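First up is the structure itself, then whatever we jot down about it.
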Amino acid sequence: MNFSSKTPLFLMEVVIMLLVFAISASICLKVFVEGNRISQESYNLDQACRQTQKAAEYWQSTNGDIKETAHLMQASIDGNELELFYDGEWNPVWAESRFVLLMKVAGARAEITVKDQEKEIFSIITEAVIYGE
């Protein structure tokens, strides 16, 4: 009688199943990480659009007065440029941080750009109606 043990075959099946499980888990983890990254980028784009729109509305409501716009936004002015810094949660801060809103003014026209440390997130060009000119 020849009795062969089936233990090696069972162990090989268990090892293969563990390998399949590990590959599946790594794929799922990669999908969740990528989803989180896309969600964060979407949130940052939404906040950049909001802050840009807010700056454009202040600019237009002040009839193109950069000093009054800076006062309303609590931003700093450097010549014809307005700067406003934000931390990672989009709270205004006074020192350089993760995000910056830049408003470059030329007459009644303003170019408003929001950047993070690496690239531009959102940008618009707006004009204020200046009465009497």
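Below are the figures for this structure:
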{"quantity": "Cα centroid of segment 1-45 to Cα centroid of segment 64-128, whole Å", "calculated": "47"}
{"quantity": "For segment 7-127, alpha-carbon Rg and Dmax in angstrom", "calculated": "23.7, 84"}
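Any read-out appearing in this document is the output of simple, stated calculations on the displayed coordinates, not a laboratory observation. The shown structure was predicted, so the numbers you read here are calculated from the model rather than taken from an experiment.
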